[in-house]
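The values are calculated or read from the model by the stated rules, or taken from the named source; none is laboratory data. Owing to the predicted nature of the structure, the values given are computational and were not obtained by experimental measurement. Glycine gets a Cβ as well: all are built from the backbone with ideal geometry, and neighbour counts include every protein chain shown.
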Amino acid sequence: GGQNQARAILTGALVGAQVGTDGIPKRFLDGLRPASELLALCEELAAQIAGER
């Protein structure tokens, strides 16, 4: 909790921005509900951001 939670969120965001969704271990995704919808939203957001450059 506390500052460690914030550090974990920031670290995950930075690593995710660098390696994309392929860098997320499958075991982490298996516990998400609904993982497929969340991944689709992430991919759509990434495509929008990439299109702005």
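General observations
- Within region 26-43, being surrounded by 10 or more Cβ atoms within 10 Å (Cβ to Cβ) and either charged (D, E, K, R) or assigned to a loop (DSSP other than H, G, I, E, B) (or both) holds for L32, E37, E43.
- All positions within region 1-21 that are closer than 19 Å to I49 by Cβ and not hydrophobic (A, V, I, L, M, F, W, C): G12, G16, Q18, G20, T21
- Checking each residue in region 1-20 for being part of a loop (DSSP other than H, G, I, E, B) and loosely packed, with under 10 Cβ neighbours inside 10 Å picks out only G1.
- Counting only residues that are at pLDDT below 85 and within 11 Å of the chain's Cα centre (by Cα), region 1-14 holds 3 of them.
- If the condition is being over 17 Å from Q18 (Cα atoms), modelled with pLDDT of 85 or more and among the charged types (D, E, K, R), then region 31-53 contributes only E37.
- Those residues of region 44-53 which are of a type in the set (A, V, I, L, M) and exposed (fewer than 11 other Cβ atoms within 10 Å of the Cβ), in sequence order: L45, A47, I49, A50
- Filter pass, G23 being exposed (fewer than 10 other Cβ atoms within 10 Å of the Cβ) and either touching a Ser or Thr at 6+ places or on another chain (Cβ under 9 Å) or of a type outside the set (A, V, I, L, M, F, W, C) (or both): no
- Matching residues, the chain, being in contact (Cβ under 8 Å) with a residue 12 or more places away in the chain and among the hydroxyl-bearing types (S, T, Y): T21
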